[in-house]
1. Please work out which option in (1) 1.11; (2) 0.96; (3) 1.02 gives Rg/Rh (Cα atoms, Kirkwood Rh) calculated from these coordinates, and answer with its label.
2. Report Rg(Cα)/(2.2 N^0.38 Å) for the stretch 77-140, keeping two decimals.
3. When DSSP beta bridges are limited to those with both residues in the chain, what percentage is antiparallel, rounded to the nearest 5?
4. For the chain, modelled as a Gaussian network with Cα springs under 10 Å, which listed residue fluctuates most, 28, 118, 45?
5. Can you tell me the mean projection area, over all orientations, of the convex hull of the stretch 43-103's alpha carbons? Units nm², please.
6. Between residue 138 and residue 88, what FRET efficiency comes out of the Förster formula 1/(1 + (r/R0)^6) with R0 = 35 Å and r the beta carbon distance, rounded to 0.05?
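We did not get these values from a lab; they are worked out from the coordinates using the rules stated. Keep in mind the model is a prediction, meaning the values are calculated, not measured. Heads up, the Cβs are rebuilt from the backbone with ideal geometry, glycines too, and the neighbour counts pull from every protein chain shown.
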């Protein structure tokens, strides 16, 4: 079952011999799908290597996977924005209640970084480089 999930979620590469999941590129998507996927990853005990863009709903891994099982490469980028809802007609709306809930689930250093950068708004803010490496260790 685990392999099937990873095959569908093409942005993740599982390396069973090394017990890690590598995020190469994720533009985000529907929150529920990411929460289900990260719950599976959490249950495996695998380490998560962020090795490229992890944007929007992908950043929920920070709320799901223990900090000591996350590392970043020099290519890692985390992108955050306010939550949005899409109606049956494809119309996008701000979701302030969902934004507050999501923001509250992030680890304290991430919440502080988001506050220092203007909070979660419709505009994407990115955490990368030295700022990111100050929060999460570089992968070895």
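1. (2)
2. Here the Cα radius of gyration is 1.28 times the empirical estimate.
3. 50 percent
4. Among 28, 118, 45, the largest mean-square fluctuation in the Gaussian network model of the chain belongs to 118.
5. 5.4 nm²
6. So, using R0 = 35 Å, E works out to roughly 0.20.
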